[in-house]
Amino acid sequence: MAAVLRGSRNLWGRSLKHVDFTLVSSRSMASKTQVGFIGLGNMGKPMAKNLLKHGYPVIATDVFPESCKELQELGAQIVDNPAEVADQADRVVTMLPSNPSLSRLLTGYVPNGSLKVKKGSLLIDSSTIDPAVSKEMAVAAEKMGAVFMDAPVSGGVGAASSGKLTFMVGGVEEEFTAAQELLTCMGANVVYCGAVGTGQAAKICNNMLLAIGMIGTSETMNLGIRLGLDPKLLAKILNMSSGRCWSSDTYNPVPGVMEGVPSGNNYQGGFGTQLMAKDLGLAQTTATNTKTPVPLGSLAHQIYRMMCARGYASKDFSSVFQFLREDEENEGQ
């Protein structure tokens, strides 16, 4: 790993004279040494599996031991807590569900599990969190002599499994090559967005549009069905017309229209409604802080929060189609 920070600038352009790493070789030329992975949920597990497929030894942990079994069978080393991961790996990827999860991990509020990283470590966070929290985490990492980069993902579980995710990366530009080395094993697109927090900003914007688009696709499909159109025919027409979007042609929310998507599996797997509500909440917070009007984003947030209260929290976010149908059925009674 290289002394890449000596003489460079820190996350906000200030000199890093106080940081003096004495490391052996360049990260960008690093051999396939052990990579730490923290968080083996629906997204984290297939991402870690792809690192294994590319020849990287993986040391991993998760709060739910059962999530680790498959990865262990594939050859990963499983340990009890994040501290053990950070002790044995100087490149660590985190994939956690929320702001507090990451904050507690890195700043020391997890008993026997906080991430006391080694000097020179590279921390890549692929969670979706508030950009302000990413900046706080970068400061905490810098105090430990480490580098933190935010690298949230887009593409869902299918893309995570096939290694076709899109990573949006924020952090010290000189470290991008080091992060890219690992991220290209898990994704087809790795895009540098700017200073730390900009990756999260791009992800929040993407997910707000995704939520709005999924609601619009669900409303459109539902209306067409009520007008007597066959849903497969309607989807075909939309996808060769100006209404075409990812929610209609890749992740259609109507059961039976498309194979291999959550709507064809009772909305199991995929990206949970609760997580979408969380991401929309992040969009609302940043919109408020920047005085940005987001009327459709606000409405989408309300809809997904209502869905969580009505039993859809663990279902895929495309279950908004089912939610709309259920509301109609209740009104007809």
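The values are calculated or read from the model by the stated rules, or taken from the named source; none is laboratory data. As the structure is a prediction and not an experimental result, all values here were calculated from the model. As a convention, Cβ positions derive from the backbone with ideal geometry for all residues, glycine included, and neighbour counts pool all protein chains shown. All accessible areas refer to the heavy atoms of the entire protein, side chains included, with ligands and DNA or RNA removed. Shrake-Rupley method; radii C 1.70, N 1.55, O 1.52, S 1.80 Å.
Table for the structure above
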{"read-out": "Efficiency of FRET from Cβ geometry, E174 and Q88, R₀ 30 Å, rounded to 0.05", "value": "0.75"}
{"read-out": "Solvent exposure ordering (accessible area, 1.4 Å, most first) of E84, E259", "value": "E259, E84"}
{"read-out": "Å² per residue, accessible surface of segment 202-325 at 1.4 Å", "value": "50"}
{"read-out": "Environment charge at Y267 (Cβ cut-off 11 Å; Lys +1, Arg +1, Asp -1, Glu -1)", "value": "0"}
{"read-out": "Residue-normalised accessible area of segment 127-201, given per residue in Å² at a 1.4 Å probe", "value": "31"}
{"read-out": "Apportionment of accessible area to carbon and sulfur, segment 202-325, percent (1.4 Å)", "value": "58"}
